[in-house]
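One structure is given below, encoded as structure tokens.
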Amino acid sequence: MITETILLAAAMGVAAGLMGSFVVMRRMALAADALSHVALPGIGIALALHIHPLIGAVATLVFGALLVWALEETTRTATETIIGVVFSAALAIGSMMTTGDDLIDALFGRRDAPDWTETLFASAAVTVVVGMIIRQRHRLVLALVSPDLARTSGVNIRRLNLLYLQLFALTIALGLRYLGVLLMGSMLIIPAATAKRFSRNLTEMLVLSAVMAVAAILVGSIVADWLHREPGPVIVSVAALGFLISLWRRQS
Amino acid sequence: MAPDSAATPASILDVRNLTVRFGDVTVLRDVSFSVPAATSLAVIGPNGSGKTVLFKALIGALPYEGTVQWAPGVRLGYVPQKLDLQRDVPITGLDFLRARTALAGSSDADLARTLSLVGLSRTACLRPIGGLSGGQFQRLLVAFALVGEPTVLLLDEPTSGVDEPGQERLNELVHRLEEERGLSVLLISHELSLVYRYAKTVLCLGRDGYSIGPPTTVLTGSALQDMYGTAVGLHLHDH
């Protein structure tokens, strides 16, 4: 097991947990999952051009987030449908552009040590995502309870949505290397969904969600190491198991 | 007040030729009025006449034609008619109010004072907002509007769902704050007796156009019948 990889993954868990809290509270779980798929064609283009895959992934994610923002601003109806179509198409096109081991890595992640570009990016992105969510939490809370009340409290909803979507794109980019395009979306949804079942206020929600995400990553990484499997699928299975247990515990 | 009266420096809100359309349906057509500082304007009219739409346009939540000009430095407190709330969201009343005070830079003391003003217990504030009763939630919304030292209140039927003594208390509270703090109040209400008692100016939105003036001219039987299209009984209570 590689220590730096796991440390980075745990830091990524904090970012994913905080971001995921708002994704789940805003009920955009499906849109979030679909948006994460847009990273794949970016990775494909980057590999074809012999540049770092991360650069391609970030570029298409940021573009995808801008697209979702623009759609939300202009059309009020069926945004979910458009997102579903556009980003599933992105996944299909991306799969055609990437082949073999590269495709499997891009879809499900891999566990070897990150290079220095990835380490640097991850450290910076975790800092930005965690810092911004904590800074903007009041605005995010008002916007999710009522955009109208947020407006009358001086919140610029358009700008906040843009920031939120870009932070979202950055969080997805963070987890691509370790969890892959298909599985990173789940790290934003499952731990937060579990946390929501136990939380009675905002602080509990944010803290529990981050704790759940980090726990899933650590436990999943250790189990994956024992089983000699790639960590991504194991981590997501551990997170899902946590959610199932939360269902059972609440009912009993 | 004539619709085209010139904007005075003392007015806190100037609305000129406001038109709001939803597709082919025109909800508000060419509405103009202004609200002098530290006064109250009541907005009345039958269901579907565009009262709530007017407020949404005023806060910039809807696209519109015409101009809406707030005086510089205005701070709004808005109580919406209803909120479509997710029942299971883990945000408490206190989380919600703190978000507002944090952005307004006001103190916890302000918050505590406001809670006692609206008659909402601290215990109720520690519960998720989805778990509050209708009346408690309405009080929370009023508290939300009042924290952060607003200069203008926009109240869209603020006492709906609140019990009778609570309604009385909230109405008195708004009226008192208006006088003590020099607040301007824009109020949508179906209680004409209340409007008659408190409002300086009444804006009546009808199915074909609108009228504006002091309660004594707008709230007459024949004027109301024109606007509502049916006889409206106005029961005035003397206090």
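The values are calculated or read from the model by the stated rules, or taken from the named source; none is laboratory data. Predicted model only: the values in this text are computed from it and were never measured. Positions of Cβ are generated from backbone atoms using ideal geometry, with glycine treated the same way; all protein chains shown enter the neighbour counts. For the accessible areas, the whole protein counts, side chains as well, though only heavy atoms, and no ligand, DNA or RNA atoms are used. Shrake-Rupley method; radii C 1.70, N 1.55, O 1.52, S 1.80 Å.
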### Message
Tally up the residues in the range B:206-232 that are farther than 22 Å from B:Pro36 by Cβ and surrounded by fewer than 17 Cβ atoms within 10 Å (Cβ to Cβ), please.
### Response
12
### Message
For the list (1) more than 7 Å from chain A (Cβ to nearest Cβ); (2) open to solvent by 10 Å² or more (accessible area, probe 1.4 Å), I need the number of the one condition that B:Leu111 fails.
### Response
(2)
### Message
Among the residues that make up the range A:35-47, is at least one of them more than 20 Å from the chain's Cα centre (by Cα), exposed (fewer than 13 other Cβ atoms within 10 Å of the Cβ) and of a type in the set (Gly, Ala, Ser)?
### Response
no
### Task
From (1) of a type in the set (Gly, Ala, Ser); (2) buried (at least 19 other Cβ atoms within 10 Å of the Cβ); (3) farther than 24 Å from B:Lys56 by Cβ, pick out the condition that doesn't hold for A:Ala92.
(2)
### Message
Against the definition (within 14 Å of the chain's Cα centre (by Cα), within 14 Å of another protein chain (Cβ to nearest Cβ) and either of a type outside the set (Lys, Arg) or in a helix (DSSP H, G or I) (or both)), how does A:Gly64 come out, yes or no?
### Response
no
## Note on the structure
Within the range B:114-125, restricting to residues that are in a helix (DSSP H, G or I) and over 17 Å from B:Gly161 (Cβ atoms), the one that is farthest from the other protein chains (Cβ to nearest Cβ) is B:Ser116
### Selected residue (criterion: surrounded by the most Cβ atoms within 10 Å (Cβ to Cβ)) from residues of the range B:126-142 that are touching a Ser or Thr at 6+ places or on another chain (Cβ under 8 Å) and within 12 Å of chain A (Cβ to nearest Cβ)
B:Ile129
### Task
List every residue pair whose Cβ atoms lie under 6 Å apart, where the two residues are 6 or more positions apart in sequence or sit on different chains, the first residue falls within the range A:147-173 and is away from chain B (no Cβ under 13 Å), and the second residue, located anywhere, is polar (S, T, N, Q).
A:Ile172/A:Ser36
### Task
Can you give me the number of residues within the range B:83-106 that are more than 10 Å from chain A (Cβ to nearest Cβ), open to solvent by 40 Å² or more (accessible area, probe 1.4 Å) and either out of contact with any helix residue (DSSP H, G or I) (no Cβ under 7 Å at 6 or more places or on another chain) or aliphatic (A, V, I, L, M) (or both)?
1
### Task
Return the residue satisfying two criteria in turn: it lies in the range A:85-101 and is assigned to a helix (DSSP H, G or I) and among the polar types (S, T, N, Q), and of such residues it is nearest to A:Leu35 (Cα to Cα).
A:Ser88
### Task
Please enumerate the residues belonging to the range B:45-64 that are in contact (Cβ under 8 Å) with a residue 40 or more places away in the chain and in contact with an Asp or Glu (Cβ under 7 Å, 6 or more places away or on another chain).
B:Thr52, B:Phe55, B:Ile59
### Message
Restricting to the range B:63-82, count the residues that are open to solvent by less than 40 Å² (accessible area, probe 1.4 Å) and hydroxyl-bearing (Ser, Thr, Tyr).
### Response
1
### Task
Name every residue in the range A:174-209 that is within 14 Å of chain B (Cβ to nearest Cβ), small (Gly, Ala, Ser) and in contact (Cβ under 8 Å) with a residue 40 or more places away in the chain, in order of residue number.
A:Ala192, A:Ala193, A:Ala195, A:Ser209
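Only one residue in B:Gly166, B:Gly182, B:Gly119 is surrounded by 15 or more Cβ atoms within 10 Å (Cβ to Cβ), over 13 Å from the mean Cα position of the chain (by Cα) and on the phi > 0 side of the Ramachandran plot, so which one is that?
Answer to the check: B:Gly119.
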### Message
Can you go through B:Ser34, B:Ser40 and tell me which one is farther than 30 Å from B:Pro128 by Cα, open to solvent by less than 50 Å² (accessible area, probe 1.4 Å) and free of Cβ contacts under 8 Å to residues at least 40 places away in the same chain?
### Response
B:Ser34
### Summary
B:Val174: passes all of (1) under 15 Å from the mean Cα position of the chain (by Cα); (2) open to solvent by less than 20 Å² (accessible area, probe 1.4 Å); (3) at pLDDT 85 or above but (2)
### Query
Among the numbered criteria (1) more than 11 Å from every other protein chain (Cβ to nearest Cβ); (2) open to solvent by 50 Å² or more (accessible area, probe 1.4 Å), which single criterion is violated by A:Ile133?
(2)
### In the range B:65-81, the residues that are outside any strand (DSSP E or B), in contact (Cβ under 8 Å) with a residue 12 or more places away in the chain and more than 7 Å from chain A (Cβ to nearest Cβ)
B:Ala71, B:Gly73, B:Val74, B:Arg75, B:Gln81
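Being more than 11 Å from A:Tyr178 (Cα to Cα) and within 19 Å of the chain's Cα centre (by Cα) is the filter here, so list the residues in the range A:104-121 that pass it.
Selection gives A:Ile104, A:Thr119, A:Leu120, A:Phe121.
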## Note on the structure
Note on the range A:138-186: residues under 9 Å from the mean Cα position of the chain (by Cα) and either farther than 22 Å from A:Gly44 by Cβ or of a type in the set (S, T, N, Q) (or both) are A:Thr171, A:Ser186
## Note on the structure
Note on B:Leu28: of the conditions (1) open to solvent by 10 Å² or more (accessible area, probe 1.4 Å); (2) in contact with a Leu (Cβ under 9 Å, 6 or more places away or on another chain); (3) not acidic (Asp, Glu), unmet is (1)
